[in-house]
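What follows is a set of notes on a single structure, which appears directly below.
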Amino acid sequence: MEIALSPTSIGVGASDLADLTVEAESLGYSAAWLAEVAGPEAFTLAGTIAARTNQMALGVAVVPAATRSPSLLAMGAATVSDLLGGRSFSLGIGASSEVIVRSWHDREFHPPLARVKDSVLATRALLRGERGYRGDTVSIDRFALTQKATGPVGIYVGALGPRMLRLAGAVGDGVCLNLMTAAAVPRQLDQIRRGAEDASRELPTGFGVMARFHLVVTDDVASGRSMIRAGFGPYFAQPVYNRFLAWMGYVDEARAIATAFERGDRDGVAGAFHDEIVDAIALIGAPGHIRERLEQYAAAGIDVAALSFHAPDPAAVAAAIRLMAPGP
């Protein structure tokens, strides 16, 4: 399993994230996989990192399908590819959540499955020089990229549960996973294979299975759990993540989190998001313990682990990046 960096630490700005990625490259991290929520914009940061690094592959895991047109996605991917000078770029496209798409970006969220499918197919078509695309949610005519990709560009699908995983198998060059237990990974891969079979498709050679992992490198496990609980408790109250939590086997907890969130009970959300769940979906503890957990995920089928470090400041993030640097 390749060890990559996810330069997405909460509260760390774009300039510091770029500096941290340059250092990570010198430490042997194979790639950098960015994400986008409400911090640095993905393509701007990707371009900066591309221009400042020399060997790393680069990816985005993920951007919402509904917040950019496929034309803009193709323009962004081609621009970053050019800055990479022949290195590979992977663009992950996902549904995101209703709060992010509708409340933050004033875009329609439904139907998310169809929108992701059209965004993947249309972006790929435009990158290979086609001038249009027509689908259920996307219609593009007379568009032509004037900036071509100079290296390989893979289009990945960001997926959690069965339907989006099957879509990844049907149309993706790879899949971006997040916040999953090690026990859930084989079930997720089964759904991907099923999606490919349903589409009468052979998965592409080198179909990538990457995952973002949320790390707190610490001797104070209780504080690390609190950091993850505060950051991701509200995530699991959102319908898509809540269904995913239930699908992973935490049915009662998912229901309790949703109910508490609806009534504004933050303590109730935190209580239902108990230590067992936190330990199952995040990596918290000493470097040796975290490496053992990563080995479990590698055995389950993850190809690329992109490490997202949670720490109070850039200096602490840098220290954690050094501690978790890949071995020879």
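A few notes on this one:
- The numbered conditions (1) in contact (Cβ under 8 Å) with a residue 60 or more places away in the chain; (2) closer than 19 Å to PRO314 by Cβ; (3) buried (at least 21 other Cβ atoms within 10 Å of the Cβ) are all true for LEU27 except (3).
- The residues in the range 40-99 that are β-branched (Val, Ile, Thr), touching an Asp or Glu at 6+ places or on another chain (Cβ under 8 Å) and over 20 Å from ASP118 (Cβ atoms) can be counted, and the count is 1.
- Looking at the range 21-121, the strands (runs of 3 or more DSSP E) lying wholly inside it that each contain 3 or more residues that are closer than 17 Å to GLY172 by Cβ and at pLDDT 95 or above sit at 57-64, 89-94.
- ASP141 being closer than 20 Å to ALA78 by Cβ and either within 14 Å of the chain's Cα centre (by Cα) or surrounded by 20 or more Cβ atoms within 10 Å (Cβ to Cβ) (or both): no
- Scan of the range 57-73 for residues that are surrounded by fewer than 20 Cβ atoms within 10 Å (Cβ to Cβ) and aliphatic (A, V, I, L, M), ordered by number: LEU72
- Qualifying residue in the range 142-151 (condition: out of contact with any Leu (no Cβ under 7 Å at 6 or more places or on another chain) and outside any loop (DSSP other than H, G, I, E, B)): no
- Test for VAL269: is it buried (at least 20 other Cβ atoms within 10 Å of the Cβ) and at pLDDT below 95: yes
- Residue match in the range 259-281 (condition: closer than 19 Å to PHE232 by Cβ, in contact with a strand residue (DSSP E or B) (Cβ under 6 Å, 6 or more places away or on another chain) and outside any helix (DSSP H, G or I)): no
- Any hit, the range 223-231, residues being within 21 Å of ILE93 (Cβ to Cβ), touching a residue at least 24 places away in the same chain (Cβ under 8 Å) and not acidic (Asp, Glu): no
- Filter pass, VAL216 being modelled with pLDDT of 95 or more, more than 19 Å from GLY161 (Cβ to Cβ) and part of a strand (DSSP E or B): yes
- Residue selected from the range 1-20 under the condition in a loop (DSSP other than H, G, I, E, B) and not β-branched (Val, Ile, Thr), by the criterion nearest to GLN296 (Cα to Cα): MET1
- Residue, farthest from VAL278 (Cα to Cα), within the range 188-237, restricted to residues that are basic (Lys, Arg) and crowded, with 18+ Cβ neighbours inside 10 Å: ARG212
- If you go through the range 144-185 and keep only what is farther than 16 Å from VAL120 by Cα, among the aliphatic types (A, V, I, L, M) and under 13 Å from the mean Cα position of the chain (by Cα), you end up with LEU160, LEU177, LEU179, MET180.
- Long-range neighbours under 7 Å by Cβ, at least six apart or interchain, first residue more than 12 Å from PRO70 (Cα to Cα) within the range 126-139, second part of a helix (DSSP H, G or I) and at pLDDT 95 or above: ASP136/ALA114; ASP136/ASP118
The values are calculated or read from the model by the stated rules, or taken from the named source; none is laboratory data. All of these numbers come straight from a predicted model, not from anything done at the bench. Heads up, the Cβs are rebuilt from the backbone with ideal geometry, glycines too, and the neighbour counts pull from every protein chain shown.
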